[in-house]
Amino acid sequence: MPAPVLLQADSITKSYAGVRALRGVSVDLRAGEVHALVGENGAGKSTLIKIMTGAVAPDAGTIEVAGQRVAHMDPHAARALGIAAIYQQPALFPHLTVAENIALTFESARVWRRIDWASRRRRARDLLASAGASIDPDRDVETLSMPEQQIVEIARAMGADARIVIMDEPTAALTDREVERLFGAIARLRERGAGVVYISHRLEEVFASADRVTVLRDGESLGTWPTASLDRARLIRLMVGRDLSTVFPKRDVAMGDVVLEVRGLSHRPSGVHDVTFGVRRGEILGLGGLVGSGRTELAEVLFGLRPADGGGIRVNGSDVRIASPADAIAHGIGYVPEDRRHHGVVLEMSIVANASLASLPAVARAGMIDHRAERSSASRYVSDLRIKAESVDAPVGSLSGGNQQKVALARWLATRPAVLILDEPTQGVDVGSKAEIHALMGSLAARGLAIVMISSDMPELLGMSDRIAVMRAGTIRSIVPRAEATQDLLLELALG
Amino acid sequence: MADRRTGSLLAALAAVCALLAIAAPGFFSRENLIDVLLGNVPVLIVALGATLVLLTGEIDISVGSVFAICGVVAGVTALAGAPMAITIVATCAAGALLGALNGALVAYAALPSIVVTLATMVALRDGLRWATQGAWVQDLPDSFQWFGLSQSSYPIVACGIAALLQAALAYGLRHVAAGRAVYATGSDPDAARLAGFDVAGVKAAVFTIAGALTGLAAIVNDVRFNQVPSNAGIGLEMKVIAAVVVGGTAIRGGRGTMTGTLLGVALLAIVGPALVFLGVSAYWERAIQGAIILAAVALDAWRLRRRQPGLSRAAVQPS
């Protein structure tokens, strides 16, 4: 007889601003099992667990806990139902002690109750022991290491008598030894009859710990399998596999000299190390890899936001030192960051001011801004890039996502760069703008620009790149020419 | 960026003036107008600097103490027999130095400006009290008072200095590339950094300029008398920040104009004397100024809320 079902999510559908994140996904969790959720970046895993923990409400679909339908799931209800979530970044109060953090979940919330410190400590010590760790309950949480904090979270989940424990990439920041300790704690959870929903990019962990696997792709569930019935290759094939028709493919253009050359580049504090590659005029180099593999960090090293502490950068054949964004701009490197809304454009400023922000010397004479030159330059980009706006004086905050992205692009084109680094250039952009941005990238490359494109979008990576560099754990593991690249190969390289 | 705030301020100014014209035409006598004007020229000069600081998203509440120290520096320099030009330069330099100290702590030590300038406000004030033992600088040479000019030409010079600064800074913010850096720093420091601006340098610079302007304001103020008090400028920071905020500069930075600041200073300047002329107790002055500030800030918050819907919605992002 199979173990009782603890949680049943049925036909869950969720859209964000018209973009379907989940479509009719069903998944169930049984007592005493570890159930892995796998899928590529953006497959919908995070949205699904947010719905399970009540952080986000589904548009359609139902959730049953222990056979009872939950009418309204919010974080408070989830806790009352015995659902606990543990994230990659532990969500503890850093300035409180371990005992206080654990006590918060099971002590009554009455404000004027008396606190029995001795029993608090005893309880915390017992729970930590049953999670497999001996941590002093009087230590402040901020003094604990990341894995110790995760153990505290597990102890807290046990203290709350959680029957359903959801873990989102808990091992992303852990070493192998620490992962083993975490697995020990997970084993203890299942001995107590709890069910664990486990999300991880590391497939070996999935095979080592999960009883069943559910595969998500583009917001849909492909099904659930017992782990024993799958092998690694099959699982990877399930995770990828979609057609490439949505991409505007890059034209082949004659490539020129190497513009940007990087040898053994490192920035130890962010984990980027020994990165070596080169990009030619007219080339688009795709930068693939999983979220957290160090792609954005590498871009920030190249742009001087995190000055390199090892290795060298050559631009157009001469060694350069890039210690700040101003250095990078002076050497012809432009960077359109991923988080466009926060770092790419200044939302309060007009299109004109945003477009000229990185190239003010070009539209200024002796420090005085030539407003006419500035406007005509902006107008040219508005028509070149087909930015849709009422006027060039409209604040960028009033534009759509795709058009904001184009303004960010215009700013860098105005600096006449030799190399442009684009971090997730079409993330959160509608399909029409996406095709336009792809076409634009193609024509920029044809005009001799070298482009480094970070992308988590497989079709984009395969369709737009001349070569694809795959990053894992802070360094480039392999560079694959387009002709040889397949989704399976790239995912294989990214997973390691 | 002549926004709606300019319009509302002009309307409010016009309303107060109209009220005065009907109820107390004596307000518009030549002597009274010059009095109000001269009393507020220093406030305006300090407020211009404070606008720069607020535009970058920082705040400087030490201006009152800096103002007092600069005044004493001016007095001591003049007493030592320095020519007026040297006295002016020394006073501005003292202000710039103290501003640079604030700026360095905020920009390079990354300390919150409200804490830094609260500390310097208290420390500088008490340091001055200790150094002077509360004594005023007295028996200043004739060349000090009225800048060595006649009493009748002084108002023209003082107003001329303020007007020139006002125009130069308003022009600079709009037409000089460095002005764009100030707005970008306040709107979105990360985006400014990505666009290649030296955000820390911008912050250090605005504090230094604000300090120099405070020094200039101190000497413009102090030449009206032949002695310099060692306890000047108490509460100046409130007057100045109130005027800047009423003038439409966002307390979080990135938005505001020098014209707005001019109008803000003007509005708060006539409210107090207007009360006296209208026969209302002067004790109401601060309460009414407070109400004006609250109204200005509330108006800002309301407009901002209308423009960007709730945080709760923005926080839920697809992943």
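Read the figures in this text as sums done on the coordinates, not as results from a lab. As the structure is a computational prediction, the values presented were derived from the model and not from experiment. Cβ: placed from backbone, ideal geometry, glycine included. Neighbour counts: every protein chain shown.
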*Starting at the first residue of region A:56-70, write each ³J(HN,Hα) from the Karplus equation 6.51 cos²θ - 1.76 cosθ + 1.60 with θ = phi - 60°, in whole Hz, x for Gly and Pro.*
9, 8, x, 6, 8, x, 10, 10, 10, 10, 6, x, 9, 6, 8
*Using a simple charge model, +1 on the beta-carbon of Lys and Arg, -1 on the beta-carbon of Asp and Glu, nothing else, what dipole does the protein assembly as shown show about its Cα centre, in debye to the nearest 20?*
960
*Farthest positive-ward along region A:141-245 dipole, Cα basis, beta-carbon charges - from A:VAL197, A:SER145, A:THR214*: A:THR214
_Rg over Rh, two decimals, the protein assembly as shown (C-alpha only, Kirkwood Rh)_ = 1.05
_Rg and Dmax [Cα atoms of region A:5-239; Å; Rg one decimal, Dmax integer]_ = 17.8, 58
*What Kirkwood radius, in Å to one decimal, follows from the Cα pairs of region A:358-491?*
16.6
*Given a Förster radius of 30 Å and the C-beta distance between B:VAL122 and B:ASP190 as r, what FRET efficiency does 1/(1 + (r/R0)^6) yield to the nearest 0.05?*
0.40
*Picking from B:GLN133, B:GLN289, B:GLN166, which is most flexible by a Gaussian network model of chain B using Cα springs under 10 Å?*
B:GLN133
*Of B:VAL246, B:VAL89, B:VAL206, which has the largest mean-square fluctuation in a 10 Å C-alpha GNM of chain B?*
B:VAL89
*asked:* Sequence gap of 8 or more, or different chains, plus Cα separation below 17 Å: how many lysine pairs satisfy both in chain A?
replied: 6
*Calculate, in nm to one decimal, what A:ARG234 and A:SER383 gain on full extension: separation in residues at 0.36 nm each, minus their alpha carbon distance.*
48.9 nm
*At 222 nm, what helix-only mean residue ellipticity would chain A give, in deg cm²/dmol to the nearest 500, using -39500 (n - 2.57) for each DSSP H run of four or more?*
-9500 deg cm²/dmol
*Counting only complete DSSP H runs, which helices of chain A cover 15 Å or more along their long axis at the Cα atoms and score a mean Kyte-Doolittle of 0.5 or above?*
A:431-446
_region A:40-97 versus region B:241-301: alpha-carbon centroid distance in Å_ = 48
*Rounded to the nearest 20 Debye, what is the dipole magnitude of region B:184-286 about its Cα centre when Lys and Arg each give +1 and Asp and Glu each give -1 at the C-beta?*
100
_Cβ-based exposure ranking for A:ASP176, A:ASP274, A:ASP423, in which fewest neighbours within 10 Å come first_ = A:ASP176, A:ASP274, A:ASP423
*Highest GNM mean-square fluctuation, chain B, Cα pairs closer than 10 Å: which of B:ALA100, B:ALA90, B:ALA167?*
B:ALA167
_Directionally averaged projected area (convex hull, Cα atoms, region A:343-404), nm²_ = 4.1
*Provide the FRET efficiency to the nearest 0.05 for the B:LEU299-A:ALA66 pair, computing r from the beta carbons and using R0 = 60 Å.*
0.70
*How much of the calculated P(r) for chain B lies past 33 Å, in percent of all Cα pairs?*
28
_For residues of B:183-192, the mean tally of beta carbons on other chains within 10 Å_ = 6
*Counting only other chains, what is the mean number of Cβ atoms within 10 angstrom of the Cβ of each residue in peptide A:322-328?*
3
_Per residue Cα convex hull volume in Å³ - calculated over region A:202-302_ = 157
